[in-house]
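A quick write-up on the structure given underneath.
The values are calculated or read from the model by the stated rules, or taken from the named source; none is laboratory data. All values derive from a computational prediction rather than experimental measurement. Reconstructed Cβ throughout: ideal geometry from the backbone, glycine too, with neighbour counts over all protein chains shown. The accessibility values were calculated without ligands, DNA or RNA, using every heavy atom of the protein model including side chains. Shrake-Rupley method; radii C 1.70, N 1.55, O 1.52, S 1.80 Å.
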Amino acid sequence: MTTVRKDTYRWSARGFIAPGVLLVAVLLYLPLLWTTYLSFTEYNGLGDPDWVGFSNYIDMWRDPAMVGSVLNTLMWVVGTLLIPVGLGLLLAVLTFDLKGGVWLRLPFLIPYAVSGIGVGLVWSFVLQSNGALDQALAVFGVTDPPRWLLDVPLNTLVMICAAAWQGVGVNALLFTIGLQSIPKEPLEAARLDGAGPLRLFGSIMWPMLAPLTTVVVGLSIVGSLKTFDIVMGMTKGGPGRQSETLAVTMYRDAFVNANYGSGSAIAVFLMIVTLLASLLYLRRQLSAKHEF
Amino acid sequence: MKLGRRLAALGSVLAAGALLVSCSGGGGGSSAGEVEGTLDFYTNKGAWEPDFEALNPLSEEAIGIDLDIASYSDQPQYEAFIRQSFRTDESPGLFTWATGPQLQELVDEGLIAETTDIWDEAIEEGWVSEDLKQYYTYDDKQYCVPLNIAYWVMYYNIPIFEENGIEVPTTWDELMDAAATFSDNGVTPFYTTSTLFTFVWFETLVAGTDPELYQGLETGEVSYTDPRIVEIMNTWLEQEEAGWFTDPGSTTDPATMLNNGEMAMINFGTFFSGSLKGVGMEPGVDYGTFIIPAVDPGLDKTPVPVETGPLCTAENSPQRERGLEYARWWMGPEAQGAWNSARGDVPFNPQAEVSDEGLAELGEEIASGDYELVTRYFEAAPPPVLTVALEQLGAFIANPGDPLPYLQTIQDAADAYWAEQE
């Protein structure tokens, strides 16, 4: 009787889980399998894909722009860690214990509500030649400002800054939550022992923030590896292909050139890099002593 | 209780199934075989949607068909959608595309409905010139009908020309002198951009120097690193270095720039008139057009780049007959006259009434026999070469310098493409 009831319960549970599993399978796993299959084919979106083995994976490295794309993506990973994450941490540390600190953090959080492509368009208006920034600089007598979106690597750097404009607030919010969860006692004890602000941060806050830092840095790495919308909104990967990221290169090959096989190979490569980066980083960081 | 739980679980599964079915299934398709009714029309010309809509009352009255317009403003997204639609039973009854290799690709796959009888009738009625047929002909059969025809000419700001005492140039030397005078007077002569329309000046210089050289690039017989092309690029480089072009990093609408006097001239397709009217410029008062003289004065005929975009019907569309009926009506003088007044473009139908006098004169002048139509580079170059060329010319415009590395990158793409065709 008990077994029958248990079986009934299990079947009901499976029934309830089934819609979710079905949706994930159809919307995530099937496209993933299809993309992986396409990466081994030559396919222009018409007719049937032709099996070409690993040639898309080999050919993509023969394209000099692909190397540039990888380097730009790495620049995005490092830049995003330094600026939005670093500034977010600084903002959180400077304001979490302040009275009214929330009002100082709030303005940084508002841009998070804007979509990436929106951020790209707004900053493109600001940074285009003779745009808002150039006009503002002209007031101060700067008549020959840098070509923000045309020169390499300046264009990638200013795009990272635009991403920072959007990302600092949410990182600061996450770090603030982490700081607020640190027990007061060790901080008080360290203060009584005469620890200054830098010592407090280095010896107490930073180690105790580690689990949250792991999450923020992990999210930042994954997010920056797949950077697409801001670049499309600001330079479309140009001039030439000089500011392309891997995701933009994938889009160009698949949708602009209608070379779905090559685009899929880059997508699979990007997915593997993102998964490996996440796994390596998380395995290293989320060890037993840093259990979250 | 047990039954209730089972029913609830079953209900969840059915609901998920229904959701997936509703996601994958398309609407429409109910009008198979009926010619009259609403025709689903897909276009990448998002900005032209009101102009298409303006023709609806007329088409409804004439043939009982009105368009339900789905417009895209992002070209790659649009192309991916159309390509994908051929794999479904919802392929479009009417859609816009590009002539040249892009149309050929669809025709080769048997995806496009033949329009030979529509063309025969239109030519017999005198609705379209025989010359235009070549852009729609594959194996002696026609596919699609022309959506429009646009000549690539020079638009200029009339008050700026007058203020600087410049007459409309009739030779290349006069055009160069005009540019130098403008430059000396602090006026930027020409518009340029580092995205999308990066091929325009290249096309003008190469076709104007030697139309055969230009056509050689199209067929792969001429290399992009050919010394003659390099020399032309070096001429362009000198002009860039002389400051003859607007800042390529500006994303301001070029119509607004011409209106504001940020440059004196812009080399564009005749559909640009619609944009200029959109910013309040009046033809003949605020702006004018002239055919760009050939770079080489020794040419028998002055080359004029021409672009014609097609209106196509998918062969397996449930709205195939309706789409073809609309295409037939579209070729006629009534539709073309209405289109001209809605869009302000040069109609391909010589019997259509032209509301813009300047454009009407331009059309007549081009038809005079002194000009040679050459296919616009955008349609002439094979798509994989075009993509790289647009990027590399954009990079050259953004950072003018030795043109050879840019040309070599384009030639690498051309080599790869032509090797595949063998």
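For residue B:145, the conditions (1) modelled with pLDDT of 95 or more; (2) in contact with a Pro (Cβ under 9 Å, 6 or more places away or on another chain); (3) open to solvent by 40 Å² or more (accessible area, probe 1.4 Å); (4) among the β-branched types (Val, Ile, Thr) all hold with the exception of (3).
Of all residues in the stretch A:151-177, those being within 14 Å of another protein chain (Cβ to nearest Cβ), open to solvent by 10 Å² or more (accessible area, probe 1.4 Å) and assigned to a helix (DSSP H, G or I) number 2.
If we scan the stretch A:182-189, do we find a residue that is more than 14 Å from chain B (Cβ to nearest Cβ), surrounded by fewer than 21 Cβ atoms within 10 Å (Cβ to Cβ) and either of a type in the set (Phe, Trp, Tyr) or touching a residue at least 40 places away in the same chain (Cβ under 8 Å) (or both)?
Applying the first criterion (more than 14 Å from chain B (Cβ to nearest Cβ)) to the stretch A:182-189 yields A:182-189.
Then drop every residue that is not surrounded by fewer than 21 Cβ atoms within 10 Å (Cβ to Cβ), which leaves A:182-189.
Right, trim to either of a type in the set (Phe, Trp, Tyr) or touching a residue at least 40 places away in the same chain (Cβ under 8 Å) (or both) and you get none.
Among the residues of the stretch A:182-189, not one is more than 14 Å from chain B (Cβ to nearest Cβ), surrounded by fewer than 21 Cβ atoms within 10 Å (Cβ to Cβ) and either of a type in the set (Phe, Trp, Tyr) or touching a residue at least 40 places away in the same chain (Cβ under 8 Å) (or both), which makes the answer no.
Residues satisfying the criterion are present in the stretch B:76-84 (criterion: crowded, with 20+ Cβ neighbours inside 10 Å, closer than 24 Å to residue B:331 by Cα and modelled with pLDDT of 85 or more). In the stretch B:255-287, the residue that is nearest to the other protein chains (Cβ to nearest Cβ) out of those that are part of a helix (DSSP H, G or I) and of a type in the set (Gly, Ala, Ser) is B:255.
Which helices (runs of 4 or more DSSP H) does the stretch B:111-212 wholly contain that include 2 or more residues that are under 23 Å from the mean Cα position of the chain (by Cα)?
Details: elements: B:116-125, B:158-163, B:172-184, B:200-209.
In the stretch B:111-212, the matching helices (runs of 4 or more DSSP H) lie at B:116-125, B:200-209.
Would you say residue A:213 is assigned to a loop (DSSP other than H, G, I, E, B), β-branched (Val, Ile, Thr) and open to solvent by 10 Å² or more (accessible area, probe 1.4 Å)? Judged against the criteria, residue A:213 is not a match. Looking across the stretch A:134-150, just one residue is within 14 Å of chain B (Cβ to nearest Cβ), over 20 Å from residue B:399 (Cβ atoms) and of a type in the set (A, V, I, L, M, F, W, C), and that is A:138.
Residues in the stretch A:83-113 that are among the aliphatic types (A, V, I, L, M) and within 15 Å of the chain's Cα centre (by Cα): A:83, A:85. Confirm whether residue B:192 is in contact with a helix residue (DSSP H, G or I) (Cβ under 9 Å, 6 or more places away or on another chain) and within 14 Å of another protein chain (Cβ to nearest Cβ). The answer is yes for residue B:192. Can you tell me which residues in the stretch A:43-77 are modelled with pLDDT of 90 or more, within 13 Å of chain B (Cβ to nearest Cβ) and either over 27 Å from residue A:242 (Cβ atoms) or open to solvent by 90 Å² or more (accessible area, probe 1.4 Å) (or both)? A:43, A:49, A:50, A:52, listed by residue number. Residues that are hydroxyl-bearing (Ser, Thr, Tyr) and either at positive phi or without any contact (Cβ under 8 Å) to a residue 40 or more places away in the chain (or both) within the stretch A:38-79 comprise just one, A:55.
Identify all residues within the stretch B:55-87 that are in a helix (DSSP H, G or I), within 14 Å of another protein chain (Cβ to nearest Cβ) and over 18 Å from residue A:252 (Cα atoms); write none if there are none. Write out each step before concluding.
Quick first cut of the stretch B:55-87, residues in a helix (DSSP H, G or I) only: B:56-63, B:75-85.
Narrowing further to those that are within 14 Å of another protein chain (Cβ to nearest Cβ): B:75-85.
If the condition is that a residue be in a helix (DSSP H, G or I), within 14 Å of another protein chain (Cβ to nearest Cβ) and over 18 Å from residue A:252 (Cα atoms), then B:85 is the only one that fits.
So that you can scan it fast, the table gives a plain yes or no per residue for (1) polar (S, T, N, Q); (2) touching a Ser or Thr at 6+ places or on another chain (Cβ under 6 Å); (3) buried (at least 18 other Cβ atoms within 10 Å of the Cβ):
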{"residue": "B:316", "(1), (2), (3)": "yes, yes, no"}
{"residue": "B:322", "(1), (2), (3)": "no, no, yes"}
{"residue": "B:326", "(1), (2), (3)": "no, no, yes"}
{"residue": "B:330", "(1), (2), (3)": "no, no, yes"}
{"residue": "B:346", "(1), (2), (3)": "no, yes, yes"}
{"residue": "B:352", "(1), (2), (3)": "no, no, yes"}
{"residue": "B:363", "(1), (2), (3)": "no, no, yes"}
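In the condition set (1) outside any helix (DSSP H, G or I); (2) closer than 27 Å to residue A:145 by Cα; (3) not hydroxyl-bearing (Ser, Thr, Tyr), residue B:240 is compliant with all but (1).
Mind checking which residues of the stretch B:267-280 are open to solvent by less than 10 Å² (accessible area, probe 1.4 Å) and at pLDDT 95 or above? Selection gives nothing.
Scanning the stretch B:211-254 for residues that are open to solvent by 20 Å² or more (accessible area, probe 1.4 Å), β-branched (Val, Ile, Thr) and within 14 Å of another protein chain (Cβ to nearest Cβ) turns up B:251, B:252.
Restricting attention to the stretch A:231-251, the residues being open to solvent by 10 Å² or more (accessible area, probe 1.4 Å) and away from chain B (no Cβ under 11 Å) number 1. Residues considered: B:389, B:414, B:381, B:419. Of these, the only one that is touching a residue at least 40 places away in the same chain (Cβ under 8 Å) and either open to solvent by 40 Å² or more (accessible area, probe 1.4 Å) or more than 19 Å from the chain's Cα centre (by Cα) (or both) is B:414. Filtering B:208, B:216, B:249 for residues that are at pLDDT below 95 and small (Gly, Ala, Ser) leaves a single hit, B:249. Only residues that are free of Cβ contacts under 8 Å to residues at least 40 places away in the same chain and outside any helix (DSSP H, G or I) were counted across the stretch A:246-272, and they come to 1.
For the stretch A:190-207, give me each residue that is open to solvent by less than 50 Å² (accessible area, probe 1.4 Å) and either on the phi > 0 side of the Ramachandran plot or small (Gly, Ala, Ser) (or both).
Filtering the stretch A:190-207 down to residues open to solvent by less than 50 Å² (accessible area, probe 1.4 Å) leaves A:190, A:195-196, A:200, A:202, A:204-205.
The answer is A:190, A:195, A:196, A:202.
With respect to (1) exposed (fewer than 15 other Cβ atoms within 10 Å of the Cβ); (2) touching a strand residue (DSSP E or B) at 6+ places or on another chain (Cβ under 8 Å), the lone exception for residue B:117 is condition (2).
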